[in-house]
Amino acid sequence: MRGPAVRLSVIGVEGRLAALHRELEACRVCPKMLGPVVHGPAVPSRILLIGQAPGPREGRLGRPFAWTAGRTLFRWFEAALGVGEDEFRRRVYMSAVARCFPGKARGGGDRKPDPEEILRCRTHLAREVEILEPRLILPVGALAVEQVLGHRGPLAAVIGEVRRARYHGVDADVLCLPHPSGASTWHRTEPGISLLGRALRLLAEHPEISRAFAGASPAASPGSPLPR
Ligand code: SF4
């Protein structure tokens, strides 16, 4: 009896996520957002990764972290976990603070979603948390860290440790990562290099990672060693 019941609950989660994705795809409530809406597949995972917002290429490619920042992010995961991008996407639910490309900022770089946009898109994120009940949350970048932990100070104060937090009514471990954008120097200079290395080691040791990646195919080519 246990097998079919578990299978049914997984189907239930996938179905609810798929229904949410259909609503998301129709969402046009933010007038300044250029869009389109970007989301990953309906993965019934207990690990929730939260980025900032899609960039200009993700809409065409149809998945989050599909361009250069994503390449860096998946290189980190490959080095830490020994799994490639496809395997990671199959086993971790990838979300974001905002789901539409916000356009470019005046000084160059992507515009950060504004507080009203974050508030509107939070309803989608809250429903994902309700459906998935994550045990491990990975906020990527300062904006996602602020949303999950309420932390607005230096990233160095939160990266390189696992915190326990209640997020949209669900208690979970929170492991923060810097944004992998090429425009950021944080993860390429000290203390960012060492703190990122520590965070990735903690990630690799986390029991939820062992559960999620049990039986995963190893990456085709081993990643670069973790920063020490
Ligand atoms: S950013 Fe979120 S709330 Fe705003 S239009 Fe896009 S999907 Fe809708």
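Reported count of residues in segment 36-65, each being surrounded by fewer than 16 Cβ atoms within 10 Å (Cβ to Cβ) and small (Gly, Ala, Ser), is 1. Restricting to segment 53-83, name every residue that is closer than 14 Å to Ala204 by Cα and either at pLDDT below 95 or part of a loop (DSSP other than H, G, I, E, B) (or both). Selection gives Gly82, Val83.
Filtering segment 90-106 to residues that are open to solvent by 10 Å² or more (accessible area, probe 1.4 Å) and out of contact with any helix residue (DSSP H, G or I) (no Cβ under 9 Å at 6 or more places or on another chain) leaves Arg90, Lys104, Ala105, Arg106. Restricted to segment 136-154, and to residues there that are free of Cβ contacts under 8 Å to residues at least 60 places away in the same chain and part of a loop (DSSP other than H, G, I, E, B), the residue that is surrounded by the most Cβ atoms within 10 Å (Cβ to Cβ) is His151. Criterion first (farther than 19 Å from Ile47 by Cα, open to solvent by less than 50 Å² (accessible area, probe 1.4 Å) and touching a residue at least 24 places away in the same chain (Cβ under 8 Å)) does Gly109 satisfy it? Judged against the criteria, Gly109 is a match. In this structure, is Ala157 under 16 Å from Thr72 (Cβ atoms), open to solvent by 30 Å² or more (accessible area, probe 1.4 Å) and either more than 18 Å from the chain's Cα centre (by Cα) or among the acidic types (Asp, Glu) (or both)? It is false that Ala157 is under 16 Å from Thr72 (Cβ atoms), open to solvent by 30 Å² or more (accessible area, probe 1.4 Å) and either more than 18 Å from the chain's Cα centre (by Cα) or among the acidic types (Asp, Glu) (or both).
Could you please let me know if Leu48 is of a type in the set (A, V, I, L, M), closer than 20 Å to Val170 by Cβ and more than 10 Å from the ligand (Cβ to nearest atom)? Yes: the conditions hold for Leu48. Close Cβ contacts (under 8 Å, 6 or more residues apart or on different chains) running from residues in segment 114-135 that are farther than 15 Å from Leu24 by Cα and in a helix (DSSP H, G or I) to residues that are among the polar types (S, T, N, Q) and more than 9 Å from the ligand (Cβ to nearest atom) comprise Leu132/Ser45. With respect to (1) open to solvent by 20 Å² or more (accessible area, probe 1.4 Å); (2) away from the ligand (no atom under 16 Å from the Cβ), the lone exception for Arg120 is condition (2).
The values are calculated or read from the model by the stated rules, or taken from the named source; none is laboratory data. Since we're looking at a predicted model, the values are computed, not measured. Heads up, the Cβs are rebuilt from the backbone with ideal geometry, glycines too, and the neighbour counts pull from every protein chain shown. We work out accessible area using only protein heavy atoms, side chains counted, and drop any ligands, DNA or RNA first. Shrake-Rupley method; radii C 1.70, N 1.55, O 1.52, S 1.80 Å.
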